[in-house]
Amino acid sequence: MKKYVFGAEFLRRVACASTRKALLVAMMFSPVVTLAQGESNQYDETYNQATFYVAPSGSDTNEGSFEAPFKTLARAQKEVRKVNETMTGDVVVCLRGGTYQLASTLTLNNLDGGKSGHYVRYRNYPEESPLVTGGIPIEGWTLHDAENNIWAAPNVEARFRQLYV
């Protein structure tokens, strides 16, 4: 009887495949949107036309400021599209740490990019790690068959091809 163990090798393969997919997606969007991460001095923020903040604890009725951030990337995208028609500087969307659960695909295209030599940048807030995911959390796992190490979760109706443990 063949057993499948979700160990370090499995997780390494999943992580590598996910990284390759993420890099491919980033390369596809690179002419449209610059994804910046890391140091706050990576570029000079003096010349930004606008900076919008997004936080999982925010609200889409907020103004998108540091003190009153948006909740969703879609709301930030809407504001970026308002200001990028007449760009006089870069536009930055700063994601605060936490999980951003996407219920549908967020499509970035030429309407979301920079113009007149300026850029639109989606980046993390310094020293914070946002996670943008379309995954569905599955909770309530219980050990169903201890002898065979089989776990089960109740009320899972979603169909999926991958399961990250």
Every residue from the stretch 133-162 that is under 28 Å from ALA55 (Cβ atoms) and either surrounded by 14 or more Cβ atoms within 10 Å (Cβ to Cβ) or of a type in the set (D, E, K, R) (or both): GLY135, ILE138, GLU139
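Name the one entry in THR105, THR99 that is part of a loop (DSSP other than H, G, I, E, B), hydroxyl-bearing (Ser, Thr, Tyr) and either at pLDDT 95 or above or under 12 Å from the mean Cα position of the chain (by Cα) (or both). So that I can check it myself, show each step before the final result.
On the way: THR99 fails: part of a loop (DSSP other than H, G, I, E, B).
The match here is THR105.
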Every residue from the stretch 98-113 that is over 20 Å from GLU63 (Cβ atoms) and either free of Cβ contacts under 8 Å to residues at least 60 places away in the same chain or of a type in the set (Phe, Trp, Tyr) (or both): THR99, GLN101, LEU102, ALA103, SER104, THR105, LEU106, THR107, LEU111
Just to be sure, is PHE66 of a type in the set (Phe, Trp, Tyr), over 12 Å from the mean Cα position of the chain (by Cα) and surrounded by 15 or more Cβ atoms within 10 Å (Cβ to Cβ)? no
When the stretch 108-128 is checked residue by residue, the ones that are closer than 12 Å to VAL54 by Cβ and in a strand (DSSP E or B) are TYR122, ARG123, ASN124
Tabulated pairs, the stretch 121-132, first over 10 Å from GLY97 (Cβ atoms) and modelled with pLDDT under 95, second surrounded by 12 or more Cβ atoms within 10 Å (Cβ to Cβ) and among the charged types (D, E, K, R), C-beta under 7 angstrom, 6+ apart or interchain: ARG121/ASP90
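Listed residues GLY64, GLY135; which is free of Cβ contacts under 8 Å to residues at least 60 places away in the same chain, in contact with an Asp or Glu (Cβ under 8 Å, 6 or more places away or on another chain), assigned to a loop (DSSP other than H, G, I, E, B) and among the small types (Gly, Ala, Ser)? First the steps, then the outcome.
Numbers: GLY135 fails: in contact with an Asp or Glu (Cβ under 8 Å, 6 or more places away or on another chain).
Answer to the check: GLY64.
Here is a yes/no grid of residues against (1) in contact (Cβ under 8 Å) with a residue 24 or more places away in the chain; (2) touching a helix residue (DSSP H, G or I) at 6+ places or on another chain (Cβ under 9 Å):
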{"position": "PRO56", "(1), (2)": "yes, no"}
{"position": "ARG75", "(1), (2)": "no, no"}
{"position": "VAL83", "(1), (2)": "yes, no"}
{"position": "VAL92", "(1), (2)": "yes, yes"}
{"position": "ARG96", "(1), (2)": "yes, no"}
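Using the structure shown, decide if VAL156 is of a type in the set (A, V, I, L, M) and in contact with a Phe, Trp or Tyr (Cβ under 6 Å, 6 or more places away or on another chain).
On the way: of a type in the set (A, V, I, L, M): yes; in contact with a Phe, Trp or Tyr (Cβ under 6 Å, 6 or more places away or on another chain): no.
In short, no.
The values are calculated or read from the model by the stated rules, or taken from the named source; none is laboratory data. As the structure is a prediction and not an experimental result, all values here were calculated from the model. Cβ sites come from the backbone with ideal geometry, for glycine too, and all protein chains shown count toward neighbours.
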